[in-house]
Amino acid sequence: MDFDTLISSPQLSEDNCQLSVPKTWSQGRTVFGGLSAALMLKHMYLHINDDTRNLLSFSCNFVAPLLTETPFTISTKVLRSGKNVTQVETTIHQNDATCLVSLACFGIQRQSKVVVHAEETPIKLNENINPRQTLRYVEGLFPAFIQNVDLNLQHGAMPFSGADSSDIHGWMRFKDNEQGNLKELHVLALADAWPPTLLQLCDSPSPASTVSWYIEFLQPLALNDSQWLGYQVSTHQANGGYGTEDAKVFSQTGELVALSRQTVAVFDS
């Protein structure tokens, strides 16, 4: 089942919807975090009913593992909807436990004298995407959800390679989205597709998981029918088994579209 089919599930139109996700979207013992977040965001959209309010920011705490092939419930509450900004909260529950909690902010575009253009440009991203640099899914070696995405590594190293650098630069896309009809839901999910940068510093297989994630979307979103998205991430700091990653997401033509920060736990002892 592809990404667009999952996020278009008719159950998502229900106030307290029940869903399950196939094993092909697993990430270790849990559902791929980018997909979980996208399902929550889609549920939020259906509770706003205002196309003029664009997504400004989305934050998510991964509280407990969300199991594949097991029913879970998504519930959304509009905390406040003011003249310009709407704040929304969504939770996922499974087996009587809270698994994910997210908050999002949606705002109306207004006229303003304050204009600061995003001048960030992708570093070391070759516009000519070489298919030989796209990771090939190997069952048992990569998380199952990787079979649904293409990750084209431009700079950085593979997990557990004992690398000296914690930077990763590359391109990403869904295998089933070759027409380039990318939206915020696709950007959100893909921004979580790359392995944590801390893992390439490890010299042996080590579990890792995202604890919290915050992502901001630049509006208006300038995707320009991108087929690929550029991704550029580095470890801001790591100590005591936790690290902070800062990432930038670009359109295929070089426009900055999102800024992301994750707190990651790594179990390498």
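Between Leu229, Leu256, which is crowded, with 19+ Cβ neighbours inside 10 Å and in contact with a helix residue (DSSP H, G or I) (Cβ under 9 Å, 6 or more places away or on another chain)?
Leu229
Pick from Thr121, Thr86, Thr98: which is hydroxyl-bearing (Ser, Thr, Tyr), surrounded by 13 or more Cβ atoms within 10 Å (Cβ to Cβ) and not in a loop (DSSP other than H, G, I, E, B)?
Thr86
Against the definition (open to solvent by less than 40 Å² (accessible area, probe 1.4 Å), in contact (Cβ under 8 Å) with a residue 24 or more places away in the chain, more than 20 Å from Asp268 (Cα to Cα) and in contact with a helix residue (DSSP H, G or I) (Cβ under 6 Å, 6 or more places away or on another chain)), how does Leu185 come out, yes or no?
It is true that Leu185 is open to solvent by less than 40 Å² (accessible area, probe 1.4 Å), in contact (Cβ under 8 Å) with a residue 24 or more places away in the chain, more than 20 Å from Asp268 (Cα to Cα) and in contact with a helix residue (DSSP H, G or I) (Cβ under 6 Å, 6 or more places away or on another chain).
Report, ordered by the first and then the second residue, all pairs with beta carbons closer than 6 Å, sequence separation of six or more or different chains, a first member in region 194-218 that is touching a residue at least 60 places away in the same chain (Cβ under 8 Å) and more than 15 Å from His155 (Cα to Cα), and a second member that is of a type in the set (Lys, Arg) and surrounded by fewer than 21 Cβ atoms within 10 Å (Cβ to Cβ).
That search, which allows pairs on different chains as well, returns Tyr214/Arg261.
Residues Val21, Val78: which one is farther than 26 Å from Phe267 by Cβ and in contact with a strand residue (DSSP E or B) (Cβ under 8 Å, 6 or more places away or on another chain)?
Going through Val21, Val78 in turn, just one is farther than 26 Å from Phe267 by Cβ and in contact with a strand residue (DSSP E or B) (Cβ under 8 Å, 6 or more places away or on another chain): Val78.
Could you grab me the full set of residues in region 72-83 that are assigned to a strand (DSSP E or B) and open to solvent by 50 Å² or more (accessible area, probe 1.4 Å)?
Looking only at region 72-83, we keep the residues that are assigned to a strand (DSSP E or B), and these are 72-81.
Matches in region 72-83: Lys77, Val78, Leu79, Arg80, Ser81.
Could you check Asp176 against (1) open to solvent by less than 30 Å² (accessible area, probe 1.4 Å); (2) in contact (Cβ under 8 Å) with a residue 40 or more places away in the chain; (3) not polar (S, T, N, Q) and say which number it fails?
The failed condition is (1).
So is Ala193 under 12 Å from the mean Cα position of the chain (by Cα) and either buried (at least 23 other Cβ atoms within 10 Å of the Cβ) or at negative phi (or both) or not?
Here the answer is yes, as Ala193 does meet what is asked.
Given the options Leu103, Leu56, Leu41, Leu67, name the one that is open to solvent by 50 Å² or more (accessible area, probe 1.4 Å), outside any strand (DSSP E or B) and at negative phi.
It is Leu67.
Keeping to region 1-32, report how many residues are open to solvent by 70 Å² or more (accessible area, probe 1.4 Å), among the charged types (D, E, K, R) and farther than 15 Å from Leu100 by Cα.
3
Return the only residue of Val257, Val233, Val211 being at pLDDT 90 or above, closer than 22 Å to Val101 by Cβ, part of a strand (DSSP E or B) and among the aliphatic types (A, V, I, L, M). Can you show your working first?
On the way: Val257 fails: closer than 22 Å to Val101 by Cβ; Val233 fails: closer than 22 Å to Val101 by Cβ.
Val211 is the lone residue from the list that is at pLDDT 90 or above, closer than 22 Å to Val101 by Cβ, part of a strand (DSSP E or B) and among the aliphatic types (A, V, I, L, M).
Within region 240-253, how many residues turn out to be open to solvent by 50 Å² or more (accessible area, probe 1.4 Å) and either at pLDDT below 90 or assigned to a strand (DSSP E or B) (or both)?
Residues flagged as open to solvent by 50 Å² or more (accessible area, probe 1.4 Å) and either at pLDDT below 90 or assigned to a strand (DSSP E or B) (or both) within region 240-253 amount to 4.
One line per residue, one yes/no per condition, for (1) more than 21 Å from Phe3 (Cα to Cα); (2) outside any strand (DSSP E or B); (3) open to solvent by 30 Å² or more (accessible area, probe 1.4 Å):
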site: Phe145; (1), (2), (3): no, yes, no
site: Phe160; (1), (2), (3): yes, yes, yes
site: Asp164; (1), (2), (3): yes, yes, yes
site: Ser204; (1), (2), (3): yes, yes, yes
site: Glu216; (1), (2), (3): yes, no, yes
site: Ala238; (1), (2), (3): yes, no, yes
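Going through Arg132, Arg136 one at a time, which residue ends up being open to solvent by 70 Å² or more (accessible area, probe 1.4 Å), modelled with pLDDT under 95, in a loop (DSSP other than H, G, I, E, B) and of a type in the set (Lys, Arg)? It would help to see each step written out before you state the result.
Numbers: Arg132 fails: in a loop (DSSP other than H, G, I, E, B).
Among Arg132, Arg136, only Arg136 is open to solvent by 70 Å² or more (accessible area, probe 1.4 Å), modelled with pLDDT under 95, in a loop (DSSP other than H, G, I, E, B) and of a type in the set (Lys, Arg).
The values are calculated or read from the model by the stated rules, or taken from the named source; none is laboratory data. These numbers were taken from a predicted model, which means no experiment stands behind them. Ideal geometry is used to build each Cβ from the backbone, glycine not excepted, and the neighbour counts take in all protein chains shown. Accessible surface is based on the protein model in full, side chains and every heavy atom, while ligands, DNA and RNA are left aside. Shrake-Rupley method; radii C 1.70, N 1.55, O 1.52, S 1.80 Å.
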